[in-house]
Amino acid sequence: MLYAMHEAAYYASTPMRLAARLARDFWNSPLNPAAESRAGRTLYAASDLFANVTRRYGKPAWNIDTVEIEGAEVRVRPVTVWSSPWVKLVHFARDMSDMRRAGRRGLEPAVLIVAPLSGHYATLLRGTVQAFLQDHEVYVTDWSNARNVPMLEGRFDFHDYIDHVRDMLTALGPRPHVVAVCQPGPPVLAAASLMAEDGHPSRPASMTFMGSPIDARFSPTVTNRLAEERPFTWFQRQMIYTVPAPYPGALRRVYPGFVQLYSFMSMNLERHHEAHQRYFDDLVRGDGDSADKHLEFYDEYLSVLDLSEEFYLQTIEIVFQKYLLPRGELVHRDRPVRPERVTDIGLMTVEGEKDDISGIGQTQAAHALCSGLPAELKEDYVQPGVGHYGVFNGRRFREEIYPRVRDFIRRRELGQARGSAAA
C-alpha cells in the first residue's frame, strides 16, 4: 500500500511541478527584464528548488567516454559482456589504437569491480572506475532495479548473489582480480573461498575489500545498531512492500528505493537541509558553478533502486544479525564457506578513519578469516581523514588509496608470473 501511495503522491504533485518549471523558466529568461532583480532571482531559486526536490531521479548515465593515460586521451566504450535478469557485467573497453599511442601495448590485469547492491546504482562508482581504467581492464557489476524485473524471472537472494559473482569471475577467464566496494564484501569473500577450495581456474588472483562489513560486530555504527536492535520480523513488516503496476516487476515484494533514500537522508538530515539552503542561496547570487556541483551530487545521491525482498532480508540476517561468515557458520548450497581454505589469493583491505557506515575493523576482519594466507599476500590500509564515500571516491581515493591498490595488484601479477615460470 505504501508503494502505491508513494506513486500516487508523485503523480498528484505533477501539476505543481510543471508550474514550478514554468516559473523557473520565466524568471530565468533573458527576455524577462526583472530576471536579474533580487525578487526575480529569489522566485527563480524557489521554483528551481521545488522542481528538483519533487522530480523523479532515474538511473544516471556512466558518462565515461575517455580516460587520460600517460598524458594521452584514450577513448572508452561500455560493453555488456555477460548478463542475467539481475545484473549486467559491463566492460569499459579502452580503444586499442589510443592505448598504443599512450605507450601501452600489452594486456593489463582484468579487474572485476563489484558494485554495492544497497540502494544506489553502480554509477555511484564512476570515480572508482575512472581511476582503475588508467591501469586495468575494468569490469563492473551494473545491478538491476528489482521493480523492473518481471515476476517470471524468479527470486534473487543472498546465495544467488554469490553464484552471480562466481559466474562473472568465470566469464573473465583465468585469475582475474576482484574489488568489492562496501556491501559485496561478505558474498565476494564467500565466492572466492568456494572457488579457492575447488581450485577453480578463475579464482581471483587478488581480492580487495573497501569499507565492507565482513564482520559487522566491530566498531558498530548507526546502521549496525539498527539491525541489532530491531527483531528480524520488524524488517519484514516495516521495510517490505509490493511493486505496483505499471512497473515490469509488478507484484514483486521489494525493499523500495524511496524507503532506503529516507533512511539515508534521515541519518544526516541537518546536513542535507543546509546543502539545499546553500543551493538556494547560490541560485539567488547567480553562482552557477556551486549550484552545478550541488546538482551533480544529488542527481547521483537521489537515484536509488529497489532490492528484492529475499536479498535484503537475508543480508540483514546473515551479515548484520547472525554474523554467519565471521562465525564460520555460513552455508552456501549445502556447502560450508571456509575462508581459511584460501591459500593463493592476495588480500587487501581498505578502511576510512571516519567511516560511519562500516566502522574500523569490520573490513580488516577478512585477514583473520583468511588464516591460510601467508603474510606476504596480505595488506591492510586505513585512510586518515575520510568517511565511507571517501574510501572509493574523491581526491583522497585518487591520490592516496588507488595507487596502493594498483601496486598491490601489480605485485600479485608479478607473483603469478613468477609462479607460472617456476612451474
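The values are calculated or read from the model by the stated rules, or taken from the named source; none is laboratory data. In this text, all values refer to a predicted model and were calculated from it rather than measured experimentally. A quick note on method: Cβ atoms are made from the backbone with ideal geometry, for glycine too, and the neighbour counts reach across all protein chains shown.
Numbers at a glance
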read-out: Breaking point among (1) exposed (fewer than 15 other Cβ atoms within 10 Å of the Cβ); (2) not assigned by TED's automatic domain parsing to the domain that holds Y139; (3) not hydrophobic (A, V, I, L, M, F, W, C), for N28; value: (1)
read-out: Failed item, numbered, when K354 is tested on (1) surrounded by fewer than 17 Cβ atoms within 10 Å (Cβ to Cβ); (2) at pLDDT 95 or above; (3) in contact with a Gly (Cβ under 6 Å, 6 or more places away or on another chain); value: (2)
read-out: Only listed residue being among the basic types (K, R) and exposed (fewer than 12 other Cβ atoms within 10 Å of the Cβ), chosen from R278, R237; value: R237
read-out: Qualifying positions in region 163-192 - without any contact (Cβ under 8 Å) to a residue 40 or more places away in the chain and of a type in the set (A, V, I, L, M); value: A191
read-out: Qualifying residue in region 6-18 (condition: free of Cβ contacts under 8 Å to residues at least 12 places away in the same chain, out of contact with any Lys or Arg (no Cβ under 8 Å at 6 or more places or on another chain) and of a type in the set (D, E)); value: no
read-out: Residues of region 240-255 classified as hydrophobic (A, V, I, L, M, F, W, C) and closer than 16 Å to S144 by Cβ, total; value: 3
read-out: Filter result for G119 (on the phi > 0 side of the Ramachandran plot and out of contact with any helix residue (DSSP H, G or I) (no Cβ under 8 Å at 6 or more places or on another chain)); value: no
read-out: Count - residues of region 185-220 that are in contact with a Ser or Thr (Cβ under 6 Å, 6 or more places away or on another chain), closer than 19 Å to T315 by Cα and either at pLDDT below 95 or part of a loop (DSSP other than H, G, I, E, B) (or both); value: 4
read-out: Per-region count, region 213-226, residues crowded, with 19+ Cβ neighbours inside 10 Å and either outside the structural domain of D356 (by TED's automatic domain parsing) or aliphatic (A, V, I, L, M) (or both); value: 2
read-out: Index of the failed condition, N63 passing every other in (1) buried (at least 17 other Cβ atoms within 10 Å of the Cβ); (2) in contact (Cβ under 8 Å) with a residue 60 or more places away in the chain; (3) not in a strand (DSSP E or B); value: (1)
read-out: The lone exception for R56 - which of (1) touching an Asp or Glu at 6+ places or on another chain (Cβ under 9 Å); (2) within 22 Å of V259 (Cα to Cα); (3) of a type in the set (D, E, K, R) it fails; value: (1)
read-out: Close pairs from region 223-236: first in a helix (DSSP H, G or I), partner of a type in the set (D, E, K, R) and modelled with pLDDT of 85 or more, Cβ under 7 Å, at least 6 apart; value: F232/E317
read-out: Residues that are buried (at least 20 other Cβ atoms within 10 Å of the Cβ), of a type outside the set (V, I, T) and within 16 Å of I113 (Cβ to Cβ), drawn from region 388-410; value: F392, N393, F397, Y402, F408
read-out: Elements of type helices (runs of 4 or more DSSP H) in region 245-334, at least 3 residues being charged (D, E, K, R); value: 269-285, 288-301
read-out: Some residue of region 124-137 being within 16 Å of the chain's Cα centre (by Cα), part of a loop (DSSP other than H, G, I, E, B) and not aliphatic (A, V, I, L, M); value: no
read-out: Qualifying positions in region 240-266 - among the aromatic types (F, W, Y) and either modelled with pLDDT of 95 or more or surrounded by 14 or more Cβ atoms within 10 Å (Cβ to Cβ) (or both); value: Y241, Y247, Y255, F258, F264
read-out: One residue from L347, L373 being in contact with a Ser or Thr (Cβ under 9 Å, 6 or more places away or on another chain), in a strand (DSSP E or B) and surrounded by 15 or more Cβ atoms within 10 Å (Cβ to Cβ); value: L347
read-out: Region 70-98, residues that are closer than 28 Å to V165 by Cβ and either assigned by TED's automatic domain parsing to the domain that holds H276 or charged (D, E, K, R) (or both); value: R77, K88, R94
